[in-house]
Each structure stands twice: as C-alpha cells, then as structure tokens.
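Worksheet: the structure to be examined is printed underneath.
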Amino acid sequence: TTAGGGDKKKGGAATPAGKPVKRAAGTRWMTYGPREYTPPIQVQVLAKRRAIPLDQNEGVYVRNVKTGQVSMVTGRSYMLEPNEELWSKELPPVVEQLLAGANDKSSGPRDQTRVVTYR
C-alpha cells in the first residue's frame, strides 16, 4: 500500500475506479489516496509522493515543469500534481549566512524548497 500517490510514465491502460483508461506513451499521471497498485510491465513508476503538510506561516516553492511557472504555496497541506516538482530557491551567500545565524545551529542546512519568512 502506498500513501499519497505514485507519479508514473505509462504506455498502456489503467483501471482507476474500475474503468479502463487509455494513456499515450510518455504521459505522466498519478494515482491518489492510500491504495495498492501493481503496475504492468509497460509502466515505469517515477516517484512515490506524499502530501506536504504546511502550517499557516510555512510554505514551499512549486514549479510547473510544462510551463516553467514557479509559485509559492503556503498555509495548507499540498499534494504535488503530476506535472509539478519542488523548486529550490538559490539565495546570495550573504543572505544564507544571515539565515544561518538567525536559526538554531542544530537545525542543519536550510531546505531551499521552503519559503523564507521573517518573524
């Protein structure tokens, strides 16, 4: 059983909700929810994904791989779509040093996919 979903590249048919679905070779699609999925030999599972829980003052950067658009998602649990990925925001070294000095030393390096907030 996988929690979340699997991001897949498919060359045949699948049966979500009991109905056959034809998919073109090379398309990315996803099954949602906790379920048991055994892919046919023609299917390549690219990733298993889980929802990202975010508090009101937390956020992540998400990039749409088809359009290249980067957006910020904050304050709610978020499940990446099949055509989305987490995007790493590069900051200048001076800003990284300031953030490292402000954070607890035991927290480790900054997660570049998380939105930087100032409190």
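The values are calculated or read from the model by the stated rules, or taken from the named source; none is laboratory data. This is a predicted model, so every value here is computed, not measured. Note that each Cβ is placed from the backbone with ideal geometry, even for glycine, and that neighbours are counted across all protein chains shown. The protein model used for the area step is the full one, side chains on, heavy atoms only, and it has no ligands, DNA or RNA in it. Shrake-Rupley method; radii C 1.70, N 1.55, O 1.52, S 1.80 Å.
With the simple model of a label 7 Å out from the Cα in the direction of the Cβ, ASP55 to SER77 spans 1.7 nm.
Ranking GLU84, GLU58, GLU96, GLU90 by solvent-accessible area of protein heavy atoms (1.4 Å probe, all protein chains present), from largest to smallest, gives GLU90, GLU58, GLU96, GLU84. Within the straight-line cut-off of under 16 Å between alpha carbons, the aspartates and glutamates reachable from LYS66 are ASP7, GLU81, GLU84, GLU85, sequence neighbours fewer than 8 places apart in one chain being disregarded.
Under a no-solvent Debye model with one identical scatterer per Cα of the stretch 19-114, what's log10 I(q)/I(0) at q = 0.11, 0.21, 0.22 Å⁻¹? Summing over Cα pairs of the stretch 19-114 leads to -0.49, -1.19, -1.25.
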